[in-house]
Amino acid sequence: MSEQQRRSTFSAYTGTSDVPMDFAPVRADARHAAAEVPAEKRSGGGLRLVLLGMILFGAGAIAIHQYRGVVADYAALLADRMPVLNLPDINRPVINREINTVRLDSPLHRLTGQEVRTLLAKYTESGFLGVDVQDLRDELEQNPWVAHATVRRVWPDVLVVSIREQQPIARWGEASLLNETGEVFTPPLRGPESALPALAGPDGSEALVLSQYEFFAETLAPLDMRLALVSLSQRGSWTIEVEDGPVLRLGRDDVEARLNRLVSVYRSGLQDHLADARTIDLRYGNGFSVSRNTVAADAVARR
């Protein structure tokens, strides 16, 4: 045997070269050891597999029972959207009952019941478990008359809806309204809003105009003057329109002092003299001018 051939053989256990290894005795010993394992030990592994299978089967059955309503709803929705699949009709299981009652926890004053029912219709079709209360809440709040909404389920077939409506306190511009915090919203007008005072001003001035309106209204209330319009021009000049009364031009500076000057004049006994005023221009350092309804141009200065 050549040197190269002798080096091609080795012992798998001793590492000694030139010793061919016969694996037949090793396999025989392995079969003999397996035969000596007690039957109880050999069957223990199979029993554990059976128990594991039963546990997995039970868990799966519970999950299917718990969520079968939702699965059925999604399968039915898929069948409606993809008729080409030709899926069979799937009956909703008893656990996912139809929604039979929608209860409103708050009275509606400006939002109509029909608007709420129309919106709810598409959500109630998916049943008690299938209805997405968060999506329903979000869509309710997209209505400009809704300031905040909550939706919750009550077992077994009830939806409870609570809606807090916007509370307008003034009109803003041509078609919008202001709520009590000075936020602008533009809902479909219902009619009563036409009696609200009108405010106007540049974009972003809503809170300022509302604050000044409240001051003007409080200052003029003792004179029985109700405000129909308060406007702020782009240049920062204030104008007040009084219901069935004059237009007050206040200008940009010393607005509060100028208005207090007018109140002082009224209280000094000149209210009858100013009763027929069409415009009162207060943009003077220490007086004002009056334009009357009966005379085209009549100016009065007071110091």
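The values are calculated or read from the model by the stated rules, or taken from the named source; none is laboratory data. It should be emphasised that the depicted structure is a prediction, and the values quoted were computed from it without experimental measurement. Reconstructed Cβ throughout: ideal geometry from the backbone, glycine too, with neighbour counts over all protein chains shown.
One line per residue, one yes/no per condition, for (1) in the same structural domain as A175 (by TED's automatic domain parsing); (2) exposed (fewer than 15 other Cβ atoms within 10 Å of the Cβ); (3) part of a loop (DSSP other than H, G, I, E, B):
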{"position": "A207", "(1), (2), (3)": "yes, yes, no"}
{"position": "E214", "(1), (2), (3)": "yes, yes, no"}
{"position": "E218", "(1), (2), (3)": "yes, yes, no"}
{"position": "L229", "(1), (2), (3)": "yes, no, no"}
{"position": "G236", "(1), (2), (3)": "yes, yes, yes"}
{"position": "Y284", "(1), (2), (3)": "yes, yes, yes"}
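With respect to V265, is the statement that it is hydrophobic (A, V, I, L, M, F, W, C), more than 30 Å from A147 (Cα to Cα) and in a helix (DSSP H, G or I) true? Yes; evaluated as a whole, the condition is true for this residue.
Results for (1) modelled with pLDDT under 95; (2) closer than 23 Å to E115 by Cβ; (3) more than 17 Å from the chain's Cα centre (by Cα), shown as yes or no for each residue.
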position: V151; (1), (2), (3): yes, yes, no
position: V154; (1), (2), (3): yes, yes, yes
position: I163; (1), (2), (3): yes, yes, no
position: E174; (1), (2), (3): yes, no, yes
position: P188; (1), (2), (3): yes, yes, yes
position: L196; (1), (2), (3): yes, yes, yes
position: G204; (1), (2), (3): yes, no, yes
position: L210; (1), (2), (3): yes, no, yes
